[in-house]
1. Sort out for me the Cα centre separation of the stretch 232-293 from the stretch 1-58, rounded to whole Å.
2. Calculate what fraction, in whole %, of the accessible area of the stretch 111-170 sits on carbon and sulfur atoms when a 1.4 Å probe is rolled over the protein chains.
3. Relative contact order of the stretch 57-205: what whole-number percent is it, with Cα pairs under 8 angstrom and at least 6 residues apart?
4. Please give, to one decimal in nm, the separation of the simple spin-label points placed at Ala277 and Asp217, each 7 Å out from Cα toward the Cβ.
5. Under 1.5 on a/c is rounded, so check that first for the stretch 176-226, then, if it is not, pick prolate when a/b is larger than b/c and oblate when it is not; a ≥ b ≥ c are the square roots of the alpha carbon gyration tensor eigenvalues.
6. Among 266-274, 138-146, how do they line up from the highest to the lowest mean number of other beta-carbon atoms within 10 Å?
7. Rank by packing, highest mean first: peptides 50-58, 164-172, with packing defined as the count of other Cβ atoms within 10 Å averaged across residues.
8. Students often forget the sequence filter, so: which aspartates and glutamates lie under 14 Å Cα-Cα from Lys193 once same-chain residues fewer than 8 apart are removed?
Amino acid sequence: MTSYVTKAVIPAAGLGTRFLPATKAMPKEMLPVVDKPAIQYVVEEAVTSGLNDVLLVTGRNKNALENHFDRNAELEDALAKKGDMDRLLKVSYSTSLAEMHYVRQGDPKGLGHAVLRAKMHIGHEPFAVLLGDDIIDARDPLLSRMLEVQHALNTTVVALMEVPPESIHLYGAAAVVETDDDDVVRITGLVEKPSRENAPSNYAVIGRYVLRPEIFDILEKTEPGKGGEIQLTDALQGLATAPAWTGGVHGVIFRGRRYDTGDRLDYLKAIVQMAVAREDLGPDLLPWLKEFATTAGPAETAPIPTFPAMPAPAAVPVVAVAVAVSSASPSAAASSSADVAAKPKPAKATPAKPAADVEAPPRELVPTAGA
């Protein structure tokens, strides 16, 4: 494959709210797919396609991404001393996988804004964008084919996949015109997440792009669209209708295996599919899956009880508030004490003296309301 594209951009600043609470402290891109984080599959795809310069567009609390592609000297030394060369190779592999760079997105203003943050790093070159939610099976190359089309036509290229019409509202949809190549179409329009009735086709945009640098000029002028975010689809629509010298937009129709890890159910399916294809796991996993699917009874499929909701915080006693205020300022304490004194005081009850041989009740682990 010959291409002058050398750089890949991977937006990874999303909050991962669909996977909470797992993503409360861990980036969603670090969720494991079998035994590698999802982000590593995406970087490996870029490198396999000849793109060794990779920019991750990150956000706050995403330091784990940088750590994963950096050295862990202590771990490597411990594995080397144990002679565990197999695991040592796995740990050090990601360190030398690519020339990694990082930039913060800051405010989560959408995919288009994330791509725009790569402008200074990319300069005036075409570049690839890979979304971490989409993992493309290494046996079905997609990005390399897109790079070939980009180089041959000097155009912007978008990955497309046919989806059921009832699912098109989950994607950007493309209006297309056929070309002489069976897997290449010219895109004349794009709509972000249209209704089934308004979709121009059932060709959905999936998470791979090869963009000409003119996209940056368009993104800088693109107003927030669907969801109040700057949509890359809207910018591509502008490029598709731009003058011919910009190269227009073409689509490569992907008919291979794609794993969607952006949804919990699809994420689980992706793990199973990829594990079954592994030489070290598939021979044992596949027979077990077949057996489980045919023999699982009510005990195996009964709903697992969810963790009970935490009790509501207990009301703070007025006396406690008064004490807290008194420690803050004398004047506030006086005012608070006056408020408390103005309220009628309940009659004091004389506490009964406990018998010496009566044990105190056990202390409760969870405070009761008002305690």
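1. 14 Å
2. Working: 1400 of 2400 Å².
In the stretch 111-170, the share of accessible area belonging to carbon and sulfur is 58 percent.
3. Numbers: 146 pairs, mean separation 25.5, N = 149.
Once divided by the residue count of the stretch 57-205, the mean separation gives 17 percent.
4. Here the answer is 4.0 nm between the modelled labels.
5. Values: a/c = 2.30, a/b = 1.19, b/c = 1.93.
Verdict is oblate for the stretch 176-226.
6. Packing proxy ranking, top to bottom: 138-146, 266-274.
7. Values: 50-58: 21.3, 164-172: 15.7.
Ranking the peptides 50-58, 164-172 by packing returns 50-58, 164-172.
8. Within the straight-line cut-off, Lys193 pairs with Glu166, Glu229, Asp234.
The values are calculated or read from the model by the stated rules, or taken from the named source; none is laboratory data. Predicted model, so just to flag it, every value in this text is computed and none were measured. Counting neighbours? That spans all protein chains shown, and the Cβs are built from the backbone with ideal geometry, glycine included. The area values use the complete protein model at the heavy-atom level, side chains included, leaving out ligands, DNA and RNA. Shrake-Rupley method; radii C 1.70, N 1.55, O 1.52, S 1.80 Å.
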